[in-house]
Amino acid sequence: MDPSQGEKTKDLIPKAKGFLKNHFSILEELVELRAEWAEKELAELAVEESAEKKLANLYREDAMMTFDGENIQGKEAICAKFCSLKLSRIQVLNIECLPVSGTDLSSGFYGMGCGYIWLDGKQDARLFSQTFSLHPTPEGSFAISNSIFIHIGMESCGAGTALGSLTRPFP
């Protein structure tokens with residue numbers, strides 16, 4: 001591999017991680033906006049619409065996502081799925097990225113984020129993992145073309161598993 005290519009890869013990995021952090025921060029924003037609007041008893045539509053537009057800007061038009069085994073096609077459908085989740089809280093523990101090919105940066109990056117989500121106001125957290133296929137855009141950013149999202153209820157971790165024993169960040 002050309003040494004300058006290694007430098008470019010090293011420079012782009014933090015940029016790809018930042019892109020994924022933005023994805024998860026928009027989900028966190030959705031949670032916060034929902035809480036504010038719920039207190040005021042206003043329609044959720046405006047909250048979902050603002051977050052949905054931000055999420056839509058991160059996905060390619062023809063993006064695909066598998067959400068717990070359900071195949072979803074198109075960025076609007078993907079955003080609608082996230083908005084329908086009724087997230088109460090999200091805690092991202094780790095985000096990682098690596099280039100698809102060490103020699104061809106135009107191939108994009110693989111990314112992954114994992115942590116906990118709380119749904120429907122419940123106290124029990126669910127583990128989640130989301131993987132991404134990121135492709136460079138002409139504007140110098142990235143777009144998500146494919147994604148896999150899974151979440152697991154804590155009850156699946158075994159009886160008596162304490163959340164505290166699972167909250168340490170990954171090394």
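The values are calculated or read from the model by the stated rules, or taken from the named source; none is laboratory data. Values in this document were obtained by computation on a predicted structure and should not be read as measured data. No Cβ is skipped: glycine too gets one built from the backbone with ideal geometry, and neighbour counts run over all protein chains shown. These area figures cover heavy atoms from the full protein model, side chains too; ligands, DNA and RNA do not enter into them. Shrake-Rupley method; radii C 1.70, N 1.55, O 1.52, S 1.80 Å.
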Inset, instruction - Return the pairs, sorted by first residue and then second, in which the second residue is among the polar types (S, T, N, Q) and open to solvent by 20 Å² or more (accessible area, probe 1.4 Å), the first residue lies in the stretch 129-149 and is within 11 Å of Gly113 (Cβ to Cβ), the beta carbons are less than 7 Å apart, and the residues are 6+ apart or on different chains. - result: Ser147/Thr131
Inset, instruction - Please enumerate the residues belonging to the stretch 59-76 that are touching a residue at least 12 places away in the same chain (Cβ under 8 Å), open to solvent by less than 70 Å² (accessible area, probe 1.4 Å) and closer than 20 Å to Phe142 by Cβ. - result: Tyr59, Ala63, Met65, Thr66, Gly74, Lys75
Legend entry - Residue that is modelled with the highest pLDDT [pool: residues in the stretch 12-56 that are among the acidic types (Asp, Glu) and closer than 14 Å to Ala80 by Cβ]: Glu52
Inset, instruction - Look through Phe170, Phe149 and report the one residue that is modelled with pLDDT of 90 or more and touching a strand residue (DSSP E or B) at 6+ places or on another chain (Cβ under 6 Å). - result: Phe149
Inset, instruction - Run Ala80 past the list (1) small (Gly, Ala, Ser); (2) open to solvent by 20 Å² or more (accessible area, probe 1.4 Å); (3) out of contact with any Asp or Glu (no Cβ under 9 Å at 6 or more places or on another chain) and report the number of the one that doesn't hold. - result: (3)
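Among the residues of the stretch 105-147, how many are open to solvent by 40 Å² or more (accessible area, probe 1.4 Å) and not aromatic (Phe, Trp, Tyr)?
Pass one, the stretch 105-147, residues open to solvent by 40 Å² or more (accessible area, probe 1.4 Å): 106, 110, 112, 120-124, 126-127, 131, 135-136, 138-139, 141, 146.
Among the residues that remain, those that are also not aromatic (Phe, Trp, Tyr) are: 106, 112, 120-124, 126-127, 131, 135-136, 138-139, 141, 146.
Here the count works out to 16.
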